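Bear in mind that the values in this text are calculations on the coordinates, not laboratory data. On a predicted model such as this, the values are computed, not experimentally measured, just so you know. Ideal geometry is used to build each Cβ from the backbone, glycine not excepted, and the neighbour counts take in all protein chains shown.
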Ligand SMILES: [Ca+2]
Ligand SMILES: [Ca+2]
């Protein structure tokens, strides 16, 4: 009886040991994904294309900056594809580049769920090539479209013209198999005798998918002061009517004081809204005339869409854009709304809320 118990105990222990030495979970294999064609948003190509991003060989994709809104900019993005049947469990951006002079460079990744670009890295880069490595872990799934695309953008601005040299850009992805979908029950095949003879039908091209504007109200995703000095706040203060404001103090140029800044909104790429309205809430240190302008991408000009005299008490108003609102949306879904005020005396502009509604 006692011996039997001991033997049983030994067997249980052995079984436990066997369980412990089961094969360790293998980490999913990592794979370098190569960039596709470059979409240039700002800047002029000096030389090269996306193929120059394939190797760290000193042969870069070279851009010269373009002037816009008082700044010099280079801005471009490229798309990576995850092989079908795979999904990413980690993503790392590997970049190598240089600039003609020291510049601050932002790397952004496109969040397909929130339909906006999200900054993932900021690095100051000078005339020598340096490597930038950025791991993307939070909300990883948001950065991969349902078609397995990932968009990475490189954005640089300055008050002086410059050249940018991008020698290398790849994504390192840890990939695992997507679980096979459960097969839907198959309807019984019709008997060959009764099946009518059907002429072969040419495959119907997949409908071009228009991005759906699922979200109706958009908060700014960026704010840039082009005239005047940012005293406090950021675009984040514009999201709610809560008394927290973006504060810009006027700048005197040639005897006149003005504030001039613009907010950016991000709609899904390719969005063509049929109806757009803007909301504003804010005040000034004293009575000022305020113009609101929108950037018309069809003519590359700012168009005045609203003018109002605003004093030291908060005013809140909304208005509709009636003439072809889609012209204010870039192919990437960007909308720029500019707020301009002008006076002979210095002043301060306080903006509490800005919102774009689109359908
Ligand atoms: Ca290269
Ligand atoms: Ca606010």
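Got a sec? How would 302, 261 order by Cβ neighbour count within 10 Å, fewest to most? Numbers along the way, then the final one.
Details: 302 17, 261 22.
Least to most surrounded, the residues fall as 302, 261.
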Report summary line: One finds, for residue 68 and residue 176 with R0 = 41 angstrom and r their Cβ-Cβ distance, a FRET efficiency to the nearest 0.05 of 0.45
Requested in this report: Tell me the Kirkwood hydrodynamic radius of the stretch 30-177 in angstroms, computed as one over the mean inverse distance between distinct C-alpha pairs.
Outcome: 15.4 Å
Query - Relative pair counts by distance (%), Cα atoms of the stretch 217-358, 10 Å bins - result: 13, 45, 33, 10, 0
**Report entry** Distance histogram in 10 Å bins (all Cα pairs of the stretch 215-279, percent per bin)
**Finding:** 18, 42, 27, 12, 1
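Between residue 359 and residue 90, what FRET efficiency comes out of the Förster formula 1/(1 + (r/R0)^6) with R0 = 35 Å and r the beta carbon distance, rounded to 0.05? It would help to have the intermediate numbers written out before the result.
Details: r = 37 Å, r/R0 = 1.07.
FRET efficiency, residue 90 to residue 359: 0.40.
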Report summary line: Distance in Å, no decimals, from the C-alpha centre of the stretch 290-334 to the one of the stretch 254-283 is 6 Å
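Work out, step by step, the length gained on full extension between residue 113 and residue 312: first 0.36 nm times the residue separation, then minus their alpha carbon distance; give nm to one decimal.
Working: separation 199, 0.36 × 199 = 71.64 nm, distance 3.88 nm.
Contour length minus Cα-Cα distance gives 67.8 nm.
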Report summary line: Here the gain from full extension of residue 303 to residue 54, 0.36 nm per residue of separation minus their alpha-carbon distance, amounts to 85.5 nm
Query raised in the report: How high is the FRET efficiency from residue 128 to residue 31, r the C-beta distance, R0 25 Å, rounded to 0.05?
Result: 0.30
